[in-house]
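The values are calculated or read from the model by the stated rules, or taken from the named source; none is laboratory data. All values reported here derive from a predicted model rather than from experimental measurement. Counting neighbours? That spans all protein chains shown, and the Cβs are built from the backbone with ideal geometry, glycine included. In case anyone asks, the SASA skips ligands and DNA or RNA and just uses the protein heavy atoms, side chains included. Shrake-Rupley method; radii C 1.70, N 1.55, O 1.52, S 1.80 Å.
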Amino acid sequence: MAVSETNPPAGSGGSVGTAAWELLVPAAAAPARGRGRALRSALREAVRSGRLAAGTRLPASRELAADLGVSRGLVTEAYEQLTAEGYLRSGRGAGTWVSDAVRAAAGPVRDLAPRPPGARADFRPGTPDPALFPSAAWAATYRSVLAGPVAGVLGYPDPRGLPALRAALAALLARRRGVAADPERLVVCSGVAQATTLLGFVLRGRGLRTVGTEDPGSPDHAALLASAGLGTVPLPLDAAGLAIGPLVRSGVRAVLTTPAHQFPSGIAYSADRRGELLDWARSVDGFVLEDDYDGEFRYDREPVGALQGLDPERVVYTGSVSKSLAPGLRLGWLLAPRELLDDIVERKRTMDLGNPSLDQAVLADFVRSGGYDRQLRRCQRAYRERRNALVAALDRHFPGTEVSGIAAGLHIIARLPARYGPEPRFLRRAAEAGIALRPLTAHGTAGPRDGRVRLVLGYAHLTPARIARGVSLLADATAATGPGG
């Protein structure tokens, strides 16, 4: 293919090589109606990718048109468009050149989803099973919503969320979690993560600088609050829940808790401790932030109701569909005390103008039709079976292991016999075998440091067969070598 070999002005780059123009050949063969767009796109990409380097002189429009077998006008239009965009530069009688303002495009798109590459078994907690997502029912609900009048759904929504979804969620939460659910005080969020961040901004705007967090607890809580400019004060637990003495002495006026099923210890706050926590909030004119992350899933009895139902003016309640449907939906909720509501809604409005309306409409219909209740029952059965499978596998392969916490949620705490320690060696051997684990020590500073292996083991995302195989692999990789091993 002929190319321009005209010598460039002194100090500028060289002429075009044949290889660079190979990018334009498919564009020239595109259908006539889209050929101009394809040519502009190919030329733009050649510059972005560096195949046409800065300072490279391009062939005259007549020459390039002849080379590609297209009209000269098509090439001229492409040159003019890319010159206007800054990819090319030209001067009277000086030809057309690749601009030096362009930088090479970024590399391949990376996937930063939190998953260990090549893990043979992954027991990290907090992940539901995507295979349990009700694809057929969700798709049918989506089609039903789109078949109806959607004009009122597709505009900018109320930043709190669609009224239909807020009403449906309020009824659901009042019935299943015992909350005092006023739809006017319910804000639809992108999961509990956004709800926590929203609260962080609002509390900081009201003069708070620190928030208490459970120790051990979720590392995500501190990170989310830090993004809103708040520090955190780790506060210890006892057998009944958050210890009140250290809370009082800390001086904080807000504390983030998981009272229905404390993460990660697995305890449920006692009735007395719930009352003491609310008495503290009233005494300091403060707030309890309740993360009800898996409160629906209790396997030995009815779930304990949400703390918020006891005092909706002192408790900010948050939850989501991440554990019951899928975390990728990014749909959750926040029930706000009246005192904080306006500030929360305004912050939500300026943050993103509200969550996607169609997804909200689908969830509203799914809840109203009973589909969400059916999904909760399905998950309840599956997660109970998987918890039982994990406990049985530990009993078989790690005899003497103590499993603590209530029979609930998506994880257990497993305390292995001393012969499997010390913990660093155990974790190293597991990692070398491609087994992803989370030790309890990763969740805070509280608790014994005696070298015993204490693991936070997630099971909801694993079938019973995969659980059995994973625990067997773990046993083979970490065979006890201590006293009695």
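Things worth noting here:
- Percent antiparallel among DSSP beta bridges (both partners in segment 276-373, rounded to 5): 50
- Here the sum of -39500 (n - 2.57) over DSSP H runs of 4 or more residues, divided by the residues of the chain, equals -12500 deg cm²/dmol at 222 nm, to the nearest 500.
- In loop segments of segment 303-367 as defined by DSSP, there are no trypsin sites (Lys or Arg not before Pro) with at most 11 further C-beta atoms inside 10 Å of their C-beta.
- Fraction of accessible area attributable to carbon and sulfur, the chain (%, probe 1.4 Å): 53
- Cα gyration tensor category, rounded, prolate or oblate, for segment 163-232 with a/c compared to 1.5: prolate
- What the chain shows is 45 Å² of accessible area per residue, with the surface traced by a 1.4 Å probe over protein heavy atoms.
- The angle between the Cα long axis of helix 371-397 and the longest principal axis of the Cα atoms of the chain comes to about 70 degrees, rounded to the nearest 10.
- FRET efficiency for residue 476 and residue 388, using Cβ-Cβ distance with R0 set to 22 Å, rounded to 0.05: 0.45
- Whether segment 108-223 is rounded, prolate or oblate, judged on the alpha carbon gyration tensor where a/c under 1.5 counts as rounded: oblate
- Alpha-carbon centroid distance for the pair segment 169-202 / segment 402-477, whole angstrom: 33
- Extended-chain gain in nm, criterion 0.36 nm per residue less alpha-carbon gap, residue 272 and residue 368: 31.0 nm
- FRET efficiency, residue 154 to residue 349 (Cβ-Cβ, R0 25 Å, nearest 0.05): 0.90
- Angle in degrees between helix 72-85 and the longest Cα principal axis of the chain, rounded to the nearest 10: 50
- The angle separating the long axis of helix 191-205 from the principal Cα axis of greatest extent in the chain is about 80 degrees.
- The fraction of Cα-Cα pairs per 10 angstrom bin, counted from 0 for segment 193-238, comes to 31, 54, 14, 0 percent, rounded to whole percents.
- Whole-number D in µm²/s for segment 233-293 (Stokes-Einstein; Kirkwood sum over Cα pairs; 37 °C, 0.692 mPa s): 285
- Annotation: the antiparallel percentage among DSSP beta bridges lying fully within the chain is about 55.
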